[in-house]
Amino acid sequence: MDNENLDSFDDKNFEDKNEVKKNDIKQVANKLVKKKKQSWWIWPVKILVITLFLSLAFSVLSELVLGSVGIAVSIVIILALWILGVVSDMIGVAAASASIEPFNAMASRKVRGAREAKFLVKNAEKVSSICNDVVGDICGILSGAAGAAIAVKLTMGIVGSIQILIAASVSAIIAGLTIFGKAVMKKVAIDNSTKVILSVGKFLSLFTKRTRR
């Protein structure tokens, strides 16, 4: 075989190998896309089941417990739930707004909480669902029950439109404070997303085991 034919043969083999590699890459890419399409709905279904279960459990718990407590205890519970709901909403927004690059750099320098912060940002969709929806739903249920307990105590012995006005006022105050707090903390979360998530990461690092080298 002369040099010209040999070169032509080598070129053909090279092209065939490239074609095989391209086909392999396409097959792998198609498998990944197919797997992603099949699994994208798994998390929404999981969060649906979790939310239904927790909402039901806390609804029953709130009816059993909060109906028998006094006004002072109900107010304390509402304030605690208000803080929890607002802070949780801030974390969910910050996770969705934060960029992972700063945490990669911090993790390389072994900054405490950076590894946990990276995990939160990588799973921002799930973190947001849990913090904004699940926790928010639970806080809303318990706040409503605590508010109802306050309204019952305040309207005891009162009938007519005044009773309705007091109950509506209690609900309006709770809803207004919740919306106000979340609106303020959303701004804080967006403007300081890195700081917020790093702080959460540092807190989570207290409960995570680290391998010693």
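Across the stretch 88-111, the qualifying residues are those that are in contact (Cβ under 8 Å) with a residue 24 or more places away in the chain, surrounded by fewer than 20 Cβ atoms within 10 Å (Cβ to Cβ) and out of contact with any Leu (no Cβ under 9 Å at 6 or more places or on another chain), and the one among them that is farthest from LYS187 (Cα to Cα) is SER99. Against the test of being in the same structural domain as LYS186 (by TED's automatic domain parsing), surrounded by 15 or more Cβ atoms within 10 Å (Cβ to Cβ) and in a helix (DSSP H, G or I), the options LEU61, LEU120 yield a single qualifying residue, LEU120.
Residue check: ILE174 meets all listed conditions (1) among the hydrophobic types (A, V, I, L, M, F, W, C); (2) in contact with a Phe, Trp or Tyr (Cβ under 9 Å, 6 or more places away or on another chain); (3) surrounded by fewer than 13 Cβ atoms within 10 Å (Cβ to Cβ) but one, namely (3). Within the set ILE179, ILE197, the sole residue that is over 14 Å from the mean Cα position of the chain (by Cα) and either part of a helix (DSSP H, G or I) or not assigned by TED's automatic domain parsing to the domain that holds THR51 (or both) turns out to be ILE179. Inspect all residues belonging to the stretch 139-160 and state whether any of them is at pLDDT below 85, assigned to a helix (DSSP H, G or I), closer than 28 Å to LYS46 by Cα and of a type in the set (Val, Ile, Thr). Yes, the stretch 139-160 contains a residue that is at pLDDT below 85, assigned to a helix (DSSP H, G or I), closer than 28 Å to LYS46 by Cα and of a type in the set (Val, Ile, Thr).
Put simply, of ALA189, ALA183 the only residue that is under 19 Å from ALA96 (Cα atoms), among the small types (Gly, Ala, Ser) and surrounded by fewer than 17 Cβ atoms within 10 Å (Cβ to Cβ) is ALA183. If you go through the stretch 68-103 and keep only what is over 18 Å from PHE58 (Cα atoms), aliphatic (A, V, I, L, M) and outside any helix (DSSP H, G or I), you end up with ALA98, ILE100.
Within the stretch 87-113, the set of residues being closer than 25 Å to ASP133 by Cα and of a type in the set (D, E, K, R) comprises just one member, ASP89. Selection over the stretch 123-137 of residues that are closer than 22 Å to VAL76 by Cα and either crowded, with 22+ Cβ neighbours inside 10 Å or modelled with pLDDT of 90 or more (or both) gives a count of 1. Any residue at all in the stretch 149-170 that is within 23 Å of LEU84 (Cβ to Cβ), in contact with a helix residue (DSSP H, G or I) (Cβ under 7 Å, 6 or more places away or on another chain) and among the hydroxyl-bearing types (Ser, Thr, Tyr)? For the stretch 149-170, residues within 23 Å of LEU84 (Cβ to Cβ), in contact with a helix residue (DSSP H, G or I) (Cβ under 7 Å, 6 or more places away or on another chain) and among the hydroxyl-bearing types (Ser, Thr, Tyr): absent.
The values are calculated or read from the model by the stated rules, or taken from the named source; none is laboratory data. Please read all numbers here as calculations on a predicted model, not as lab measurements. With ideal geometry, Cβ positions are generated from the backbone for all residues, glycine too; neighbour counts draw on all protein chains shown.
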